[in-house]
Amino acid sequence: VRLWWCRCWALLSRPAWRLRARRGLAAGPEMHFGFQTVTEEERREKIYQVFESVAKKYDVMNDSMTLGIHRVWKDILMHKMNPSPGTLLLDVAGGTGDIAFRFINYVRSVRERQLQRKLKHHQNLSWQEIFESYQKDKFNSLGDSQVVVCDINREMLKVGKQKAQHLGYSEGLSWVLGNAEELPFDNDKFDVYTIAFGIRNVTRIDLALQEAYRVLKPGGRFLCLEFSHVSNPLLSRLYDLYSFQVIPVLGEVIAGDWKSYQYLVESIRRFPPQEELKAMIEDVGFFKVDYENLNFGIVAIHSGFKL
Amino acid sequence: GKARPSHSEPRGRDGRGGEEEEGWHQLYPGHIPTSPLQKALLAAGSAVVALYDPYRHDMVAVLGETTGCVALPNLRDKMKNHPEGYHILQERPRIRLSTLDMARLQGLPDGSLGREYVRFLEDNKVSPETRMPPKFVDDEELAYVIQRYREVHDLMHTLLGMPTNMLGEVVVKWFEAVQTGLPMCILGAAFGPVRLSTRKLQVLATELVPWAIRSGLNASCVLNVYYEQRWEQPVESLREELGIFPPP
């Protein structure tokens, strides 16, 4: 029985496809869609359809597939960003708003602490000074911070807006339909650009990175949270086993959609590993590019600055 | 033909251009090849979800496909060994709105199979289009058998005279469980009643289920009937021919 199990395990998680793994940059008109070969246009269309169909169950599926750990990953991203009040954030492929809401929460709590400190300081001021400070301070709970959520998919934005309404987020939040490869924003606009679990689905990653560089202010920061490659061989096998055997089943049982989740796990395998993505980010002009592995490389946060 | 269960590896390394379907072992349109582990997980997951939310018909369907590995070949063999069944396997008729001539069926005399079938569809507001195509059966002939089973389900309702409410569905499931031996039917028959009131349960237990079982055991295989050629036949006569006892 053990022999059979070993063989099974080996077969089930054999990474033989890596021999012919194609990278994100399209060489000619042929591209990958998961493990299929398609044209660029077909790929965009297929990916649009995937997210159209998963939009309503997106959050439920994320929780089931990652056993809730995706929330921790996103929290870590926010802590790394450490935004101060007044930051203007662009969240690309932000769909259902997870990063945006976290940003608002974070900035709100920083702002609260700021205001509390100010109040403490105010205890020793003269009446005149206190009066003057009331004129200046707009008691803005967000301190002028703003987040723009940009996504190419209408359904995902729709779900995001509904969530925002349901959770009570309204201030400092806007939703824009747009393509990461061709952003509808002017140059040098944003303080921070994030793309969480989205860049994998972009057809021309190089274009998305160029756009990121363009819309960031000088001094702005690029942050990318994405599934990446596990180098530990044992863990990698377990991860493959889980990805290929369990995740599509979860997709079928919870969302009634096997194929979209099959696409998901395949697209993760197709995505460039940490060092390659780092090189791509550097190529576009970002400086101090670095990455941090989370959970042994299952997920990685890449960061870069426009200087 | 039979397929080896896939291990989710891509094939076609000859660099063929254009689209290569991810169904490298795809046997029929809509087929998703699965490994034994995946089938086991699907069976467990779909059973839980189907129990929790009986309106997830897709989960009931998936349960049937993933657990039918013994019952489906048995059914297929029963069909092969019967002249009418063999005929069905050869011609592979489908019961769909596009293949049914609803106007003609409505025009048939009362009491005929066709007329009663249409009446059943109208009364219960169902349509033959709602049957899920199979995805996880790894043999395309068996995929047809399960498809036929699904499409014939409404005719079972007609022959047994049962409506599509929970009670009626459970009775039909008991009949089908005995007839086909599909684990999905057996599970449905056993767990379906948990959502019924005690009064209905009583009726179920004392009258309907014993009748369904007796009929199921007595009747010849219901998949061996070429229904499409028997629309004019009176329901009573078809019941007698099959060996289904009159409904209580």
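The values are calculated or read from the model by the stated rules, or taken from the named source; none is laboratory data. Keep in mind the model is a prediction, meaning the values are calculated, not measured. No Cβ is skipped: glycine too gets one built from the backbone with ideal geometry, and neighbour counts run over all protein chains shown.
General remarks:
- If you go through the range A:277-295 and keep only what is over 18 Å from the mean Cα position of the chain (by Cα) and in a helix (DSSP H, G or I), you end up with A:Ala279, A:Glu282, A:Asp283, A:Val284.
- Annotation note: Cβ proximity below 7 Å between a residue of the range A:56-82 that is of a type in the set (Gly, Ala, Ser) and a residue that is surrounded by 14 or more Cβ atoms within 10 Å (Cβ to Cβ) (sequence gap 6+ or interchain) occurs for A:Ser64/A:Leu250; A:Ser64/A:Ile254.
- Within the range A:212-258, being acidic (Asp, Glu) and within 17 Å of A:Val50 (Cα to Cα) holds for A:Glu252, A:Asp257.
- Inside the range A:261-284, residues that are at pLDDT 95 or above and either more than 29 Å from A:Ser243 (Cα to Cα) or touching an Asp or Glu at 6+ places or on another chain (Cβ under 8 Å) (or both) make up a count of 6.
- Note on the range A:269-285: among residues that are within 19 Å of A:Thr194 (Cβ to Cβ) and of a type in the set (A, V, I, L, M, F, W, C), the one that is farthest from the other protein chains (Cβ to nearest Cβ) is A:Val284.
Per-residue answers, yes or no, for (1) basic (Lys, Arg); (2) within 18 Å of A:Gln274 (Cβ to Cβ); (3) more than 16 Å from the chain's Cα centre (by Cα):
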residue: A:Ser170; (1), (2), (3): no, no, yes
residue: A:Leu173; (1), (2), (3): no, no, yes
residue: A:Gly178; (1), (2), (3): no, no, no
residue: A:Ala196; (1), (2), (3): no, yes, no
residue: A:Leu209; (1), (2), (3): no, yes, no
residue: A:Tyr213; (1), (2), (3): no, no, yes
residue: A:Gly219; (1), (2), (3): no, no, yes
residue: A:Arg237; (1), (2), (3): yes, no, yes
residue: A:Asp240; (1), (2), (3): no, yes, yes
